[in-house]
Amino acid sequence: MRGIIHAAGVGSLENISEMKQSSLDCVLKPKVRGAWLLHQLTQTRELDFFVLFSSAASVWGAKQLGHYAAANQFLDTLALYRHSIKLPALSINWGSFTERGMVSSTEATF
């Protein structure tokens with residue numbers, strides 16, 4: 001194995017004031033738990049790359065996507081942590097591509 005690409009994610013539009021724990025867990029688990037497990041399982045391997053697909057929502061926030069922004073902020077922080085312990089990591093903060101996808105430009109206001 002030469003490297004890791006973590007591209008998991010779930011999105012949903014919800015106001016923080018109305019968000020249930022189950023919704024928060026659903027959005028956090030694929031990104032947070034998935035990335036952390038990949039980090040733990042590979043931190044002693046010599047990888048050429050460890051890429052995390054994050055979101056611009058982690059940088060600027062996004063309307064009704066507080067849970068999604070938090071999950072992506074974890075990925076950004078994990079990349080910084082990996083760098084601090086001399087491991088490869090890159091967190092890519094994708095923006096919306098089209099009117100489709102997890103967070104389209106019509107659904108999110110960055």
Review point. Of the conditions (1) surrounded by fewer than 14 Cβ atoms within 10 Å (Cβ to Cβ); (2) among the aliphatic types (A, V, I, L, M); (3) outside any strand (DSSP E or B); (4) touching a strand residue (DSSP E or B) at 6+ places or on another chain (Cβ under 9 Å), residue 5 fails just one. Which one is it?
Key: (3)
Review point. How many of the residues making up the range 55-75 are of a type outside the set (S, T, N, Q) and not in a helix (DSSP H, G or I)?
Key: 5
Practice item. Please enumerate the residues belonging to the range 54-68 that are out of contact with any Ser or Thr (no Cβ under 6 Å at 6 or more places or on another chain), farther than 14 Å from residue 14 by Cβ and crowded, with 21+ Cβ neighbours inside 10 Å. Key: 55, 58
Check your understanding: Name the residues in the range 19-53 that are part of a helix (DSSP H, G or I), exposed (fewer than 15 other Cβ atoms within 10 Å of the Cβ) and either small (Gly, Ala, Ser) or in contact with a Lys or Arg (Cβ under 6 Å, 6 or more places away or on another chain) (or both), would you?
Key -> 22, 23
Revision key, fill the gap. The residue that is nearest to residue 78 (Cα to Cα), considering only those in the range 2-23 that are at pLDDT below 95 and in contact with an Asp or Glu (Cβ under 9 Å, 6 or more places away or on another chain), is 11
Review point. Can you spot a residue in the range 63-84 that is in contact with a helix residue (DSSP H, G or I) (Cβ under 9 Å, 6 or more places away or on another chain), modelled with pLDDT under 90 and not polar (S, T, N, Q)?
Key: yes
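The values are calculated or read from the model by the stated rules, or taken from the named source; none is laboratory data. Note that the structure is predicted; figures quoted are calculated from it, not measured. Note that we place each Cβ from the backbone using ideal geometry, even for glycine, and neighbour counts take in every protein chain shown.
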